[in-house]
Amino acid sequence: MDKFRMIFQFLQSNQESFMNGICGIMALASAQMYSAFDFNCPCLPRYNLAYGLGILLVPPFILFLLGFVLNNNVSMLAEEWRRPRGQRGKDPAVLRYMFCSMAQRAMIAPVVWVSVTLLDGKCITCAFCTSVPVETLGNTSHPGLSQGDMKRVLARIPCKEIYDGQELIANEVAVRYLRCISQALGWCFVLLMTTLAFLVRSLRPCFTQAAFLKSRYWSHYIDIERKLFDETCAEHARSFAKVCIQQFFEGMSTDLAAARCHPPRKAPADAGEAAEKLLGITDQGTMNTALKSWHRCKPPLHLHPPALHSSNGWAGEQQPPAHPPVPRREMAAYYSRV
Amino acid sequence: MDRFRMIFQYFQSNSESVMNGICGLLALASVKMYTCFDFSCPCLPRYNMAYGLGIMFVPPIALFLCGLILNRQSLVMLEEWRRPQGHRRKDLAVIRYMCSSIMQRAMVAPVVWIVVTLLDGKCLICAFSGSVDPEKFVGFANTSPVQVQQLLAKVPCKDDELMRNNTSRKAVSRYLRCWSQALGWSILLILIVAAFLARWLRPCFNQATLLQARHWSNYIDIEQKIFEETCCEHSRLFAHKCILHFFESMRQEIKLHSFSLPREGEGAEGEEYLLRGITDQDQVNKLLKVWYYEKPPLDVSQVTQR
């Protein structure tokens, strides 16, 4: 028990740091993904906006969902949400707490992506190059172009090699302008997110501390209970399997002894541990039969109490109980037959 | 007991060093962010000042807030500040001490950003290139005011076609950079002198109060950590009892409805005990079904009273 206790404490204290670690790794992965990504603006009037905004908004959405997928507690939340009420009430505050803490962690990587994208400037330059104010920034001496032509020319701003509107508006001027707007948006976004995070964290102790402590305790409890239940079931399954197999071997040995018409051989009292472990199977033929039987006809998932071992071997009803009558249910207990 | 003592000592020594570590990491991150950031001045008359001053002051605010968020002690301080009085008095000196130590640590990264920005010079050149006196510089002296503004606004952009080989541009740039670096070094000197004086002169004023405040702020921090740990321990034990009680009640129910021989005599005999009376597939399935459809109530009072 002590060992389990230490492991649980380690897991508990470390679950938070484990989750924070995954969060940090995803944020770094998101920044790395952006720098590895080969951004290629299409430089065509309507495609630019779709491409630029798509790169700005679609990967964060994917990263957000990935944040949920990588979080182990999602299944715990779903289970607690969908379980029938039974004898235990459901507390929506606990569900909300679990969801909020998961959502907060999942938000970090998308926010990093959007910030890095805006601070870099390529996406906004690509998306909004056709909206540059040519009247203020451009060369006023240039003869007017039709709307469509102007858009076509402006759309090529991000692609310096094919840009042919230098007389209309200098490429560097337009790029600097768009990048300045993009970086200003980026820093404002970063400031906004940091302020939100700060407010969320600091307003909590001011208003809802007691409710928070309660929700946190019960969400940890649900997590620990689930782990302990799995642990107990695994322990039970282990014992079940052990006894089942033990009974199989004993049944086997008794069956064979009965089939050969001599009484089951009981290990002599002074034979020692090794003889007991042989479980009455002591020659090649018997072992082979046991193995064949294990493969062909696995025993039922039903452990009979030890007192009934002597009546093993022939199909039949169990002996009626010796205590006052209780409602009887017919139970067919079938035994393995070689 | 020994284990708890080791844990206390670990928390005690680590709280300060963890916070100092975070502070240092944020300062390094701030320098790294500045070097990675691709500064590109818009070189347009009104935009320059907004951009330059924005880059100089907005990131420090974000870094300051980050410093507050990442510091665990800020939550502890807020809780202590807002808690109802109850049976325990509130000591404002402790709260003030915690607040000042949090603020000092949170101020490091923003100050690093501002100093690095000033020493590098790009921000100030971008922000104030339009504000220099054109008479001082040969290339800008004899042009109309509107044109002068346009030209001065383009000074930060070295590669602009108008400014490519303009010596006056370099003169303005050097002038502004000199001011920027002077400002940067002065701020750095003032801050270091202030920190030095504060540390040296502190023992002269209220040392006893300071020691008390520091002790009790550490105490509050440790108390909260231990409370969380105790709650975890308690919820583990609670869950353990709850599950055992559940298995036991399942076993009673099965005994009531089936007619298998009573197994009272088995006792705690290794495997038999671990099986807890659940010995066939149907019983296991029933147990798992009941666990999902009807979780037991959160009440282990009968178990603990036995």
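Its Kirkwood hydrodynamic radius, worked out from the mean inverse distance over all distinct Cα pairs, puts the range B:52-164 at 18.0 Å.
Rounded to the nearest whole Hz, the Karplus-based 3J(HN,Hα) values (6.51 cos²θ - 1.76 cosθ + 1.60, θ = phi - 60°) of the range B:133-150 follow the sequence 7, x, 5, 6, 10, 3, x, 10, 6, 10, 10, 5, x, 5, 5, 4, 4, 4, with x at glycine and proline. Here, the range B:210-255 is characterised by an Rg to Rh ratio of 1.49, where Rg is the alpha-carbon radius of gyration and Rh the Kirkwood radius.
For chain B, the extents of the C-alpha atoms along the principal axes are 113, 55, 33 Å, listed from largest to smallest. The amide H of residue B:276, built 1.01 Å from its N in the peptide plane, has no neighbour under 5 Å, considering only residues 5 or more places off or on other chains. Pair-distance distribution of the range A:157-307: all C-alpha pairs, bin width 5 Å, starting at 0; shares per bin in whole percent are 1, 7, 8, 9, 8, 6, 5, 4, 4, 4, 4, 5, 5, 5, 5, 5, 5, 4, 3, 2, 1, 0, 0. At 4 °C and a viscosity of 1.567 mPa s, what translational diffusion coefficient does Stokes-Einstein give for the range A:111-206, taking Rh as the Kirkwood radius over Cα pairs? Give it in µm²/s as a whole number. Roughly 86 µm²/s, to the nearest whole number.
For the range A:251-256, the Karplus equation 6.51 cos²θ - 1.76 cosθ + 1.60, evaluated at θ = phi - 60°, returns couplings of x, 4, 5, 5, 4, 5 Hz by residue, with Gly and Pro reported as x. Computed over the range A:19-208, the P(r) tail beyond 28 angstrom holds 44 percent of alpha carbon pairs. Provide the net charge surrounding residue B:22, with neighbours chosen by a C-beta distance below 13 Å and charges set as Lys +1, Arg +1, Asp -1, Glu -1. My count for the surroundings of residue B:22 gives +1. Cross-link partners of residue B:32 among aspartates and glutamates, defined as those whose alpha carbon lies under 12 angstrom from its own and excluding same-chain residues fewer than eight positions apart, are absent.
By the Cβ-Cβ criterion of under 4.7 Å, the unpaired cysteines of chain B are B:23, B:36, B:66, B:99, B:123, B:178, B:204, B:231, B:232, B:242.
Give A:90/A:227; A:151/B:122; A:122/B:158; B:225/B:295 a once-over and call out the pairs whose C-alpha atoms are over 23 Å from each other.
A:151/B:122; B:225/B:295
Sorted from greatest to least, the principal axis extents spanned by the alpha carbons of the range B:106-218 come out as 68, 23, 21 Å.
Sequentially through the range A:122-127, phi angles give Karplus couplings (6.51, -1.76, 1.60; θ = phi - 60°) of 5, 5, 5, 4, 5, 6 Hz, Gly and Pro residues having no value and appearing as x.
Any read-out appearing in this document is the output of simple, stated calculations on the displayed coordinates, not a laboratory observation. Note that this is a predicted model, so its numbers are computed, not measured. Cβ coordinates were reconstructed from backbone atoms using ideal geometry, including for glycine residues, and neighbour counts include every protein chain displayed.
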